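Asks: Structure below; questions to follow.
FYI, it's all coordinate maths here, none of it is from the lab. Since the model is a prediction, treat every value here as computed from it, not as a measurement. All Cβ positions, even for glycine, are placed from backbone atoms using ideal geometry, and neighbour counts span all protein chains on display.
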Amino acid sequence: MGNFIKCSYNKLGDSYRSPWTNKFFPELKEPIYPPEIFREFEKSFNEIYSLYAKLYYGNNAVSSVFIWEQGESLDNGFNVAMLIDNSKSIIKKIFLLKILIIFIIHFFKKFKNSKGYSHLQ
C-alpha cells in the first residue's frame, strides 16, 4: 500500500491525488477532494483491489481505485476507475530478458435512466 497510479482520474493541475491518503503530490494550495461518502468506498475498494492485484499479478503490481461524482450533483451518479499497473514484472526466458507490461483499466458509470432506475454501465 502507499504506491498509486498517476492518471487523468486523480489529476488536478500538475498534482496527483493518492487514493490511500487523499493527499495531492505535489501539494496543492486549493485541492478539490471527492465527497466523503465516496472516500469511504474508495478506501475499501483500494484495500480489496490491492489484495486482488498482488495475488493475481504478483507483488510488483500497483493498483488504484478512484471514485468521483458524475456531473454537478450526486444524484447524477458516480464513476469508478479501477486500475492495475504491472509494468515492473520481469520474466526471464532462456537468454532473453523480457519486460511484461500489463496495464488494466476497469471503468464503471452509475446513473439513473428515464424511468428513474439506477444501473451500471
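Asks: Determine the shape class of the stretch 2-87: with a ≥ b ≥ c the square roots of the Cα gyration tensor eigenvalues, call it rounded for a/c under 1.5, and otherwise prolate if a/b is greater than b/c, oblate otherwise.
Replies: Taking the square roots of the gyration eigenvalues as a ≥ b ≥ c, the stretch 2-87 is oblate.
Asks: As a footprinting exposure proxy, order S73, S63 by other Cβ within 10 Å, with the fewest listed first.
Replies: Listed from fewest to most nearby Cβ atoms, that is S73, S63.
Asks: Suppose the chain between N3 and N76 were pulled fully straight at 0.36 nm per residue; how much longer would it get relative to their current alpha carbon spacing?
Replies: 23.2 nm
Asks: At 0.36 nm per residue, minus the direct Cα-Cα distance, what do E27 and Y52 gain on full extension? Give it in nm, one decimal, please.
Replies: Result: 6.0 nm gained on full extension.
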